[in-house]
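Have a look at the structure below, then the notes.
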């Protein structure tokens, strides 16, 4: 197969933990041709979508890890699979990229995750489709509503709808200290919609990332445990990742959501669960492949490439 990865700059990969790198290594190990391009390398010309894509040769050296052949303008429909792995921010440029990928799909390209499904599943708001698994949640730009929510639930979390890596996440306790300032900042004085959720005390045991591939859960989650004094377990915010078997509740959530999300074109999803509650549905570039593999021996990348091969 010819597999192309739409990713961020290769030079910035941290190979010891990067999930896209793990995917590439596994695809290369199986003899697939691995290509890479960035979002700005795409263009619509003459009704077809092209990208300046470079074929990669992987060296096996975790530092000097690839050689890139000269990039060539390639019709995206000539690839057997295109793996969308660009990180947020999920801004208009990101959305324009999904439009181009969707046009490429109409010309025969196979894109994972499906571009329209990525657009349709905001990683924070998508949980509202599965409210039986969520803690009490409010989405609004109205400060009065947020104040009423905080008065009712006491301890709450506030966060933007377009953040990643724990950026912009605030905890407001029962006293409500700094609530107004936080709401003003996150909502840009009522001009931006934000999310409030009841605080889940089990965060001290970790924000669990459950990977679901083609509707089936990886049997281990990565519990991202906050450092002292933090409410964010995200690895990017200093959390420590501890792999652990899925709990019965984890499996219940994954088995309920997995097949439905797969049917919508989401081959790879990262469900975030704190305690017994679903908090996010990650669809852009879910991570934690290597941490789980290193700690448990379960080859997540192999499971993913299996799914890509079967989806041809």
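Given axes a ≥ b ≥ c from the Cα gyration tensor, I'd like to know whether the range 78-138 is rounded (a/c under 1.5), prolate (a/b larger than b/c) or oblate.
Prolate, since a/c reaches 1.5 and a/b exceeds b/c.
Enter the angle in degrees (range 0 to 90, nearest 10) between the Cα long axis of helix 92-106 and the first principal axis of the Cα atoms of the chain, meaning the one along which they spread out most.
Once rounded, the angle reads 50 degrees.
Provide 24, 92, 303, 1 in ascending order of the number of other Cβ atoms located within 10 Å of each residue's Cβ, fewest first. Let's see the in-between values first.
Working: 24 29, 92 8, 303 19, 1 16.
Exposure proxy ranking, most exposed first: 92, 1, 303, 24.
Rg (Å, one decimal) plus Dmax (Å, integer) for the alpha carbons of the range 2-120?
Radius of gyration, then largest Cα-Cα span, for the range 2-120: 13.7, 41 Å.
Taking a temperature of 4 °C and a viscosity of 1.567 mPa s, what whole-number D in µm²/s does Stokes-Einstein yield for the chain with Rh from Kirkwood over alpha carbon pairs?
On the way: Rh = 20.3 Å.
After rounding, the answer is 64 µm²/s.
Comparing 206, 238, 297, which has the greatest mean-square fluctuation in the GNM of the chain with Cα pairs linked when under 10 Å apart?
The residue with the greatest mean-square fluctuation here is 297.
For the range 243-307, calculate the relative contact order in percent as a whole number, restricting contacts to Cα pairs under 8 Å that are 6 or more residues apart.
The value is 25 percent.
Antiparallel versus total DSSP beta bridges in the chain: what percent is that, nearest 5?
Antiparallel bridges make up about 80 percent of those DSSP assigns within the chain.
Comparing 32, 152, 121, which has the greatest mean-square fluctuation in the GNM of the chain with Cα pairs linked when under 10 Å apart?
152
Relative to the longest principal Cα axis of the chain, at what angle does helix 248-263 sit, 0 to 90 degrees, rounded to 10?
Taking the Cα atoms of the chain, the angle to 248-263 is about 50 degrees.
Taking the Cα atoms only, what angle lies between the long axis of helix 143-153 and the longest principal axis of the chain, rounded to 10 degrees?
That works out to roughly 70 degrees.
Only helical DSSP H runs with n ≥ 4 go in: add -39500 (n - 2.57) per run for the chain, normalise by residue count and round the 222 nm mean residue ellipticity to 500 deg cm²/dmol.
Mean residue ellipticity at 222 nm (helix-derived): -8500 deg cm²/dmol.
Could I get the Rg over Rh figure for the range 142-226? Both from C-alpha atoms, Rh via Kirkwood, rounded to two places.
1.06
At a threshold of 8 angstrom on Cα-Cα distance, excluding pairs fewer than six apart, so keeping six or more, what relative contact order does the chain reach in percent? Can you show the working numbers first?
Details: 637 pairs, mean separation 56.0, N = 312.
Taking the mean separation of contacting Cα pairs over the length of the chain, I get 18 percent.
Work out Dmax and Rg for the range 202-310 from the C-alpha atoms and quote the Rg first, both in angstrom.
When restricted to Cα atoms, the range 202-310 yields Rg and Dmax of 13.2, 45 Å.
Mind telling me which of 209, 29, 110 comes out most flexible in a GNM of the chain, alpha-carbon contacts under 10 Å?
Answer for the Gaussian network model of the chain: 29.
At 0.36 nm per residue, minus the direct Cα-Cα distance, what do residue 309 and residue 93 gain on full extension? Give it in nm, one decimal, please.
That pair, residue 309 and residue 93, stretches by 74.8 nm at full extension.
Rule-based calculations on the coordinates, nothing more; no lab input. Here the structure is a predicted model, which means the values were calculated and not measured. Cβ: placed from backbone, ideal geometry, glycine included. Neighbour counts: every protein chain shown.
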